[in-house]
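Peer 1: Can you keep this structure in mind? I'll have questions shortly.
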Amino acid sequence: MAANLIPQLPSDTQVWQEINESGQSIYYLVYKLPKEAAELSPGLQNFTFRYKVKDLKEITATGTVTPDVVITKNGEVYSTEGSSNITADDYTNSFYFGDHTQLASIHGGMEAGAVGYEYFVEALEQESKYKPYIFSKNAAGQYDYLAVALEAAKEGRTARESELAQTTWWLKHTATERQQMNAAHKDPATFSANGIKTREEIIGKMLSSGLTTLDPAVIDAITQKKQYGIFDDNDVNNTIQKLANPLIRFTLDPEVKAALEGKTLETIELTRQMENTINSILGPGTSDNFNLEQLTADYADNPTAFTQEFLPKLQDQFQTTYAQYKGTNVKAYEEIAPSLRSEWVSITGQKADETTAQWKQFAATNDIAERKDIAFAAAADLGTQAYRDQVISDLENNFGKAGARATGGGSFR
């Protein structure tokens, strides 16, 4: 590593001075992936990357910086002076990331002594907020998108659609998402500008909703989903409303929830599965009465105990709540709910709110007539069309249709 460099640069920084045929010098900060990192993806064995130095003074802490290597170009031939584990071929085929200011901007989030590879990963982490396919992995655990993109970069071009189509991310996502992936490669400037505009619109909506604390990670997650067509305007609005009022009944997207809570997506998914399991046995909203995070952790520690002890207790609780199923093989809410939902709709003309006392009373009785009375009372409270139609029908059955008495066709004699 060259001496006298500013501390904001990686600890394995090499300074290369490139002298062109006109005698002009350009300076680069050059790095090579360590062996263990190169094995993550095909074609990375000699992967080298560099950043252009805009001004030597900006990377100099004290005195002057002496380059590790001086490379001189003479036609198609390069000659080098100095000592380095990076060859001239590696250098000339290196991936150009930008300028040194990008490294300095990453420095704040890095530990002391971090090497160029760690800065490289952090840069990708930052970019993945807007380009979720960056860390696409194939079945062998290799980063297939990076392999495609970096190989194309070595050839001085962007990845072709036919190459992108071979990545796992492409194969697992929708046509709309693929279109955005393509756009990011064909016209990165426009893609970036659209992303910034989308982000600003989302921030505006969040402020308008009354949110005073804006989490950048949450904003990034929502922006990404909107830009890639995963969220439409309704999804964005519902998400922001949920953030502003956590009590409303709306389930946050797992990735947004992970960003909000600072947890991994895997943890969020497992917690959501736990929530769904409880609700499917006891009914909607009942999971609110449980410590889902603790249950998820307990399940991870001892899945057998969860299956053999916790689930049977939930099933017993279901049969206690819905006593008509005591001693039967019916042990979960979702086993009885579909037919009850259909019955409710046939009486009221609309779907039930399955968290209300009326619905729970409706579901807890086997008496068909009683269920009809309960549902009809709910329809009366709501003033549904089915309720109005039934009232008119009842009146006509008892008193005849309008004008019937005048013609002698009524019920009265």
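The values are calculated or read from the model by the stated rules, or taken from the named source; none is laboratory data. These figures come from a predicted structure and were not determined experimentally. Here Cβ is always computed from backbone atoms with ideal geometry, including for glycine, and neighbour counts include all displayed protein chains.
Peer 1: For the condition surrounded by 11 or more Cβ atoms within 10 Å (Cβ to Cβ), at pLDDT 90 or above and either among the basic types (K, R) or within 29 Å of S287 (Cα to Cα) (or both), what is the one hit in K372, K326, K313? Before you say what the answer is, go through the steps one by one.
Peer 2: Details: K372 fails: at pLDDT 90 or above; K313 fails: surrounded by 11 or more Cβ atoms within 10 Å (Cβ to Cβ).
Result: K326 is the single residue among K372, K326, K313 that is surrounded by 11 or more Cβ atoms within 10 Å (Cβ to Cβ), at pLDDT 90 or above and either among the basic types (K, R) or within 29 Å of S287 (Cα to Cα) (or both).
Peer 1: Looking at the range 117-131, which of the residues that are at pLDDT 75 or above and of a type in the set (D, E, K, R) is farthest from E200 (Cα to Cα)?
Peer 2: Once the filter is applied, the top-ranked residue is E118.
Peer 1: Turning to a different aspect of this structure: Does the range 2-10 contain any residue that is surrounded by fewer than 18 Cβ atoms within 10 Å (Cβ to Cβ), in the same structural domain as E111 (by the TED database) and in a loop (DSSP other than H, G, I, E, B)?
Peer 2: Checked the range 2-10: no residue is surrounded by fewer than 18 Cβ atoms within 10 Å (Cβ to Cβ), in the same structural domain as E111 (by the TED database) and in a loop (DSSP other than H, G, I, E, B).
Peer 1: With the requirement that a residue be over 19 Å from the mean Cα position of the chain (by Cα) and assigned to a helix (DSSP H, G or I), what does the range 124-145 give you?
Peer 2: Selection gives D144 alone.
Peer 1: Can you pull out every residue in the range 117-141 that is surrounded by 14 or more Cβ atoms within 10 Å (Cβ to Cβ), of a type in the set (D, E, K, R) and either in contact with a Gly (Cβ under 7 Å, 6 or more places away or on another chain) or free of Cβ contacts under 8 Å to residues at least 60 places away in the same chain (or both)?
Peer 2: The answer is E122, K131, K137.
Peer 1: Within the range 187-278, considering only helices (runs of 4 or more DSSP H) that don't extend past its boundaries, which have at least 2 residues that are touching a Lys or Arg at 6+ places or on another chain (Cβ under 6 Å) and modelled with pLDDT of 85 or more? Working first, answer last.
Peer 2: Numbers: elements: 188-208, 216-227, 233-244, 254-261.
In the range 187-278, 216-227, 233-244 are the helices (runs of 4 or more DSSP H) which contain 2 or more residues that are touching a Lys or Arg at 6+ places or on another chain (Cβ under 6 Å) and modelled with pLDDT of 85 or more.
Peer 1: OK, next. Among the candidates S411, S346, S393, single out the residue that is of a type outside the set (V, I, T) and at pLDDT 70 or above. Explain how you work it out, then say what you get.
Peer 2: Numbers: S411 fails: at pLDDT 70 or above; S393 fails: at pLDDT 70 or above.
The unique qualifying residue is S346.
Peer 1: Pick from the range 58-91 the residues that are loosely packed, with under 14 Cβ neighbours inside 10 Å and part of a helix (DSSP H, G or I): which of them is modelled with the lowest pLDDT?
Peer 2: Among those that are loosely packed, with under 14 Cβ neighbours inside 10 Å and part of a helix (DSSP H, G or I), it is D89.
Peer 1: When you go through A37, A114 one by one, which is the residue that is surrounded by 15 or more Cβ atoms within 10 Å (Cβ to Cβ), among the small types (G, A, S) and at pLDDT 80 or above?
Peer 2: A114
Peer 1: Could you look through the range 329-341, keep only residues that are in contact (Cβ under 8 Å) with a residue 40 or more places away in the chain and charged (D, E, K, R), and pick out the one that is nearest to T286 (Cα to Cα)?
Peer 2: E334
Peer 1: Can you tell me which residue within the range 331-369, out of those that are acidic (D, E) and more than 26 Å from N289 (Cβ to Cβ), is surrounded by the most Cβ atoms within 10 Å (Cβ to Cβ)?
Peer 2: Taking the range 331-369 as the starting set, the residues that turn out to be acidic (D, E) are 334-335, 343, 353-354, 367.
Now narrow it down to the ones that are more than 26 Å from N289 (Cβ to Cβ): 343, 367.
Values: E343: 17, D367: 10.
Going through the qualifying residues, I end up with E343.
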